[in-house]
Each structure stands twice: as C-alpha cells, then as structure tokens.
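I'd like to ask you about the structure that follows.
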Amino acid sequence: MSEITLVLQAIGRGESKASEDLLPLVYDALRRLAGARMAHEAAGQTLQPTALVHEAWLQLVSAGERSWQNRAHFFGAAADAMRRILIDKARRKSRLKRGAGQARLDIDDLELAQTTPDDNVLLINEALEKLEREDPEQARVVVLKFFGGLNNQEVAENMGLSLRTVERQWACAKGRLFRWVRAQH
Amino acid sequence: MSASKQVEDAVFFTALNLTDLGQRKLFLDQACAGNPGLRAAVEDLLAAQGDAEHFIAKGRAALHLPTEAFASGMATGADEPTRLDEEIGTRVGRYKLLQRIGEGGCGVVYMAEQEEPVHRRVALKVIKLGMDTKSVIARFDAERQALALMDHPNIARVLDAGATEAGRPYFVMELVRGVRITEYCDQNHLDTRQRLELFIQACHAIQHAHHKGVVHRDIKPSNILVTMHDGVPVPKVIDFGIAKAIEGKLTEHTLFTAYEQLVGTPAYMSPEQAEMSGLDVDTRSDIYSLGVLLYELLTGRTPFDGKELMKSGLDQMRRTLREKEPQRPSNILTTLHGTELKATAEHRHAEAPKLISLLKGDLDWIVMKALEKDRARRYETANGLAMDVERYLLNEPVVARPPSRLYRFQKLVRRNKLVFASGAAVSLALVIGLGVSTVLFLKEKEAWREQARLREEAQRSQQRENELRLQAEAKEKINQAAIYVSQERFDEADQLLETIKTLPPKPSFDGVNAYRSVGEWLALQGRWREAANRFLPLMQIDRLDEWRVVTLDYQACGAVLAECGDRERYAQFCQTAVINYGATTNGDMAGRILKTCLLMPPGKDLMAQLRLMAEVADQYFAPIPEKDFPEWAVIHLSLWDYRQSNYGQAEAWGQRLAGRGKGTALEATARVIMAMSCYKSGQAEEARGELAQGRALIEGKFKAGLDHGNGADGFWFDWIFARLLLREADGLLGA
C-alpha cells in the first residue's frame, strides 16, 4: 500500500495532522509523474494541470481503495503542489528570458502590457498571497481553479460551498487580483 | 475578512450579473447610496473586468505551456501518427477489428469482436488525432465508475478504453446497429408527434445519465441512433463519456482547426461550451444540445448553420452562440424556399402551412426555452424538457412561455432575485441591514411600475393615434364642407359637419367659415338648435381670426343659444366667454362679449365675473368725444346698467342710442331696454310707449324676413337680441 493511500486513510479517520503530510507526497508524485511522462511525449505537447492531477490520482490510488471524500483532500493538496511547481517553472522561464544574472523576477520593473504569460502567473501569485491574508476563502477558490484546474462544480464540492458562491468568489477574485497588480505597475 | 470587502464583493457581483446597464445603474444608485467610496470601488472593478479576465486568461495560458518546463531537454522528435486506419483483422487490445462501420468527426468506428471474458460484438472507436493518449485514458478512467453505473435501455454502454499500438486512444462500446435519429425520422416520414415521442425517449436517457453524474457534452444526431427492437424504433444514445475524456484538448489551447477535427460541427454546442473558458460545463449544456436536436427534428435544420458558424471564425462563432437569438422553429420554416419547405413538410407527413401552425406557439416556446443563452433559464433537467413535450402532446399547458413584454419583466425580476438570493445577498443583508431586501423590493416595484407606465403609455399613444386619425378625417370633411359652402350647398355641408366628432385643433379659415356659414344658414331658417351645434365648435377651437370676427361668432352663438331657451347651455357659453375674454383689455371686444352674456337675466356670480369687462369697456368708451362716439357699439352700456338696476342710467343711454340709429336693431333694442327701465322705475306709461315702438320695429323686421344684415342696420343676431329682450319686457310689463 502506498504512502499516499495510508495518509488518505488517516485523513478519512479524521486525523488532522494527516492533511499536512499529504502535500509533500502529492508534490513528489506530481514531479515524478511529469518527469516520467516526458520520455514518451512529443515536444510541443502541453501539460494540463488537471490532467496531471487526475493522472497522479489514478496512479497513486488503486481502484479498490478509492474514497471520494479523500479525493477532495487529494485535489486540494494537488492544487497547492501544482501551484508550487508552476510558480517554480514560471520563475525559471522568466529568469531564462531575462538573463541569468537576475536571480528573481523584479516585479516592480514590469510594464503590465508587456508581461509574458509566465510573468502573469508570478504577478497573480504575488497578488494571491495578499488575497490569502485578506480573504482566505476567496484565495482558496483561486488556488483550486487557477492552479488546480478544477471546475466550479469541483471547487464547490471540495470546499463545501454552493456553486453560486464559487462563481461569485471567482469573479470577485479576478477583479481584485488584477486591481492589485495594476496598482503596482 | 473585512465587512467592507464583503459588501464590495457582493455589490460588484450583483452588478456584474445585471447585464442591462440601466438596471445596473439603478442598482448601484440604490446599493451605494450615500457611499461614494463603495460606488467608486465597484465601478472600478466593473470597468476593469474585461482587462482582469484577459489578465487571468493570459496567466492560465502559461499553465498550458510546453512540458519542457518540467524536464527541459528531454523532448524527442515528433512522432505524429500518419495513418488513421487500423487494419481490418488486426487486434486492438483484446478486440479483433471486423469491419469499418463509420467515421465521425473525431474518430473511426469499427465493428469488433471481443473474445474474453465474453464473446460479443462491440463497436470500437479510435480517436483520430494524435492526442495526449494517456490523459485521455486517465480522464476516461476517472469517469469509468460513473459510466459503469449507467444502465438504461436507451443508452449504449461504454465498456472499455485503451491505447492502440500507434498510441491513439480508443473506446469500446455496446454495438448499436442503427441510423442517426434525424435520418430515421426523415426516411420514415415520421410526423411531428412520432418525432416528439422519440425525442422524449432520448431525453429520458440523458436524464438517467445526468442522474448518475455523467454529462454527455456531445449530443447530436450522429450520437443518437435509432434501432428497431421488435418492430419498435428505439433511440440509443452513444458515446457517453468520450467527449469528456477528450475534452482536455478542447478546452486547452483551443486551436480552431483542432476543434473542427474533433467535434465536426459546432451547431450543437451550447454557448458556454463554445466559450471554452474553463471546464465548467454541466448538465444544462446537454439540455441546450437537446434543444438543438428538437429544433432539427421539427424543422430539418439547426438554429445556427454549422458550416456558417465554422466559417465565421472562433470569435464570431462564440459571439453568435452567446448573443444571437435563433429564429423560432415556426419562423424559420416561413423563410424556406417553396420546394425546400415542401420537402421539409413532406418528410413530416404534413402540409407546409399546417406544419408551420403546428410549431407556432407551444413547440416554439419549448424549443426556445431549451435554447436559452443563459443556462439558468433553460429547463433544469432533461426530464423537465421531456415533460413539457409530453404536456404538449396531451394538450396541456406547457411550462415554456412566449417572451411577452410582461414575461420579460418577470424574467428580469426573477433574474435579479437569483442574484440576490445568493449567499452574497445573505451576508450583505447582515452587513447593511435592510439594504438588500429594500433594494430587491424597490427593484421589483420598479419593474412593475415601469410595466404599468409602459402599458399606460401604450394606451395613451393608442388614444393619441386614434385622435390624430379622427382629426385628419375631420379636417378632410371640413374642407369638403367649405367647398359645399362656397357652392351654397349648405344642406350637404351641414350633413357633413354633423358627422364630425373630433375637431382639428387648427382648422383652416375656410373650415371655420364653413361652420359659421352653415350655422347662420340654419339660424335664418329658425333652426336654432342645429345652428347652435354649428356655432359652439367655433368656441372650442384655437382661432387665428381677428377678434372682430371672433366676437361676431360669440354674438351669433349666444343669440341662438338664448333663442333656443336652453338656459343651461347658454350659461355654459357665458362661462366659456368669461374664461376666454374676461381678462381682455380691449374695450370694444369686452363690450361685445358683455352684451352677449347679458341677453338673459344673469345670476349674481356671472354679474361679478362680468364687472371687470364692464369697467374695461367703460374706460375705453368714456373718453371718446361726442362727435366720434360709436353709439351703435355701446348697447351693452345700457343693458349693463339695466341689469345692475341703474334704471335711470340705463334709460339715459337708451335715449341716446335710440336717437342715433333710426329704424335699426340698435333703436329697437334701446327702446326695449328703456321700456323695462321705465317700468322698473315706476313710469309705466313711458314704458309702454317705448315698448310699442320697439315692438313695431322688431315685428316689422321679422315679418319682412330676417337676412344676414350688416353692421349699420344690425346683423341677424342683433335682431335676435332685440326680440329676446322684447320677450323679456313683455313678460315684465304684462305681469
């Protein structure tokens, strides 16, 4: 039985500490999976976060041990993992483009109109950190949707919110994140 | 979280959902009343909304970038599959390909044989594109459990999925030998009822899948096949779970060409599917596609032409699906060419006009409800749609309704209710107290008030239109009457004028003259009542005539009314005269009106009202030197004094006037007034003398025959005045 399955079962039993244990496991799994896939995939193929997460889920949890409640935990943790992975990726790419000398993207130097998609991810992440302090629920919706690739229905199930609330939080979050970013540039 | 943020979010989201900008403004006015900071913040969010969407979308695009990010340098050369067909007879997984049975938008379908664990024939669909096979299968696997739960006679079961040796994904399904539903209906000339019955079965199948948590996402005729089962046609829905499994490709990166290859036609795609904005497609998307299917079953075409949508490009296609209202089914039939319409009708075992009238109404609304752009306004379930169709077949009232203006308002209110009923509204209400419910109440009230106002407006404009039409007709008639008058065909002119109920506000001079001339013609024949009917309209209209003409008309009108003995109408006439001319500063004019209002003994009120005019007239005539004094114009002075019981004064004026116009209406009138004044002041003898002289003049005139007359000897109405006062005097002296 895999470690992940054990953790998920622990979560299922209501052991709160187990949730914290999940993230590094999921993170490693996703990394491993992404790397392993490369051997077979053509260049130019795109990697959908959702697909990756689904795949990780399918590989790590055998069919007999599925528990849909734990699936929600898994996807939440996977979204966080994806966030880290994607932010790392964006930083690396951004750095490559801007020359090796610069250790980290200096957000203050960016002109908003000229940002690359990767820059946008970094800017969004930065703003998201602010939003997490101000409105954790709204920020969580962003993490699940934006980084985890979950749809509204899945987010609603995952967070125990109504679909309508998810729609509202997402709409408002987009406006707020953009406003913060814009205010700085 | 701060309360102000919560309010801001709630107001923003509510405003965002009010797509009607007027409504949005109204809402913001109310929600942000007294809080300009909130207003500014929300306006800012709304204004930046487009940019924000773009910004986030751009960020999301980064998440779909090439996978080299995960393992740079590991990419190998492309190995795009070049051949699409699998060889017949070869094995794919544990299936042996027997025969190629079809090719759809996204794949090639084979009949195949499964040997283990059971020996059976199946359909095997190989997806065309060189796709991300693993993730397709992964997605399929994620859905597999739900798919396995589906068990319905109208659903073809999806059994398995895997990858071919060339790396393409394939799906294995229950083998269905049938033709697409639209084809089956046309080939067998099914009438509308039979088509609807098949459609209902398809709805039930979709409902079953939805109930098990499976959304089809690609409902179209080629995915609903009709097979014969004991001679009864049975629709079978195929390809469940497949669209979802390959959807990653649809939603990410969305190159239009890829889309075309995958889906074939966007004609069945719901607006939210076309948006491809995210993965958020739910059961209501299937309802939309069922609506398109119903549309096609009924009319032979889809609401939007698939090829045209494709040609128009992705953005235009999205816009069309999002914004353009499709024609109603009955409407689109009327736009078909003759032969096309005939063929469509024949396929449905009906004649064209009958088919159109069959669709008009309930079926139109059922289809349009399923095709609502806003999925919240579609049928909530496939069952709901099926039930409405059943209601139609049973001749019961359907739930779908035509979008009347009232209905649209109801929808507006309902829509807003939805906005407010969200969790946001609840917390907002907690924070700002009565705010939301008040706003909701006001909005609803506002909508109804607006509705009432529009109804009133419509009525008013209808009345107005009616009025204008009548006025135009009247103008025409009056002009014709004027022509009759010029030809002295008064009788015909009179009959024509009699039919006019609504007067034009500004008739021509000739038109006014027609009324006047006919009135006079009637008066000279002693037809007083009819004459009054011709003169009275002249009092109502806005006249361009000079005051001398106008006051002549007043005198004529007053004369005939008094002559009729119709006290009530005469009193009304006096009121009109006072209202129109009571404030005049023209002494001559005041005198004429005054005289006309004193023909019958006036009440106290009228006397009080006339006093001002009497003073104006007095001031006008008093300073005129004796040699220039227009005695013929001042009979009112004598009459006014008499009515005021200044008998001495009245008599003095009478003497002066009677001496001036020998043998005229003026003398006759003056003598009659003198007679009454003398009598009142106790000079009965003198009174009788004056009366006899006056009577002689008046009776002589009427015996000779009344004519139009002139200003010097007296117009016809001057003689009427005289005779009216003579009668009054007879009554007085005889008593």
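The values are calculated or read from the model by the stated rules, or taken from the named source; none is laboratory data. Worth saying up front: this structure is predicted, and the values here are computed from it rather than measured. Methodologically, a virtual Cβ is constructed for each residue, glycine included, from the backbone with ideal geometry; neighbour enumeration extends over all protein chains shown. Please note that ligands, DNA and RNA were not included when accessible areas were found on the heavy atoms of the full protein model with its side chains. Shrake-Rupley method; radii C 1.70, N 1.55, O 1.52, S 1.80 Å.
If the requirement is being in contact with a Cys (Cβ under 9 Å, 6 or more places away or on another chain) and at pLDDT 85 or above, which of these qualifies: B:A577, B:A523?
None of the others qualify; the one that does is B:A577.
Filter the stretch B:503-519 down to the residues that are closer than 22 Å to B:L561 by Cβ and either in contact with a His (Cβ under 7 Å, 6 or more places away or on another chain) or of a type in the set (S, T, N, Q) (or both) and list them by number.
Residues satisfying the conditions are B:N513, B:S517.
I'd like the full set of residues that are at pLDDT below 65 and part of a loop (DSSP other than H, G, I, E, B), limited to the stretch B:76-99.
Scanning the stretch B:76-99 gives B:G77, B:A78, B:D79, B:E80, B:P81, B:T82, B:R83, B:L84, B:D85, B:E86.
Suppose we filter B:V263, B:V281, B:V237 for residues that are within 23 Å of B:R139 (Cα to Cα) and either aromatic (F, W, Y) or modelled with pLDDT under 55 (or both); which single one remains?
B:V263
Scan the stretch B:23-31 and give yes if some residue there is of a type in the set (F, W, Y) and farther than 26 Å from A:N120 by Cβ, otherwise no.
Initial filter on the stretch B:23-31 (of a type in the set (F, W, Y)): B:27.
Now drop any that are not farther than 26 Å from A:N120 by Cβ, which leaves B:27.
Checked against the condition, which is being of a type in the set (F, W, Y) and farther than 26 Å from A:N120 by Cβ, the stretch B:23-31 yields at least one hit.
Could we say that B:V214 is in contact (Cβ under 8 Å) with a residue 60 or more places away in the chain, more than 51 Å from the chain's Cα centre (by Cα) and open to solvent by less than 50 Å² (accessible area, probe 1.4 Å) here?
No: the conditions fail for B:V214.
Just a yes or no: is a residue in the stretch B:483-494 assigned to a helix (DSSP H, G or I), at pLDDT 85 or above, over 41 Å from the mean Cα position of the chain (by Cα) and not charged (D, E, K, R)?
Within the stretch B:483-494, one or more residues are assigned to a helix (DSSP H, G or I), at pLDDT 85 or above, over 41 Å from the mean Cα position of the chain (by Cα) and not charged (D, E, K, R).
Is the stretch B:184-191 home to any residue that is at pLDDT 85 or above, among the aromatic types (F, W, Y), under 18 Å from B:Y379 (Cβ atoms) and not in a loop (DSSP other than H, G, I, E, B)?
The answer is no; no qualifying residue exists.
Output the qualifying pairs, or none if there are none: Cβ atoms under 8 angstrom, residues six or more apart or on different chains, first residue in the stretch B:596-616 and without any contact (Cβ under 8 Å) to a residue 24 or more places away in the chain, second residue of a type in the set (S, T, Y) and surrounded by fewer than 18 Cβ atoms within 10 Å (Cβ to Cβ).
none
Within the stretch A:128-185, take every residue that is surrounded by fewer than 23 Cβ atoms within 10 Å (Cβ to Cβ) and of a type in the set (G, A, S) and give me the one that is farthest from the other protein chains (Cβ to nearest Cβ).
Restricting to residues being surrounded by fewer than 23 Cβ atoms within 10 Å (Cβ to Cβ) and of a type in the set (G, A, S), the top hit is A:G160.
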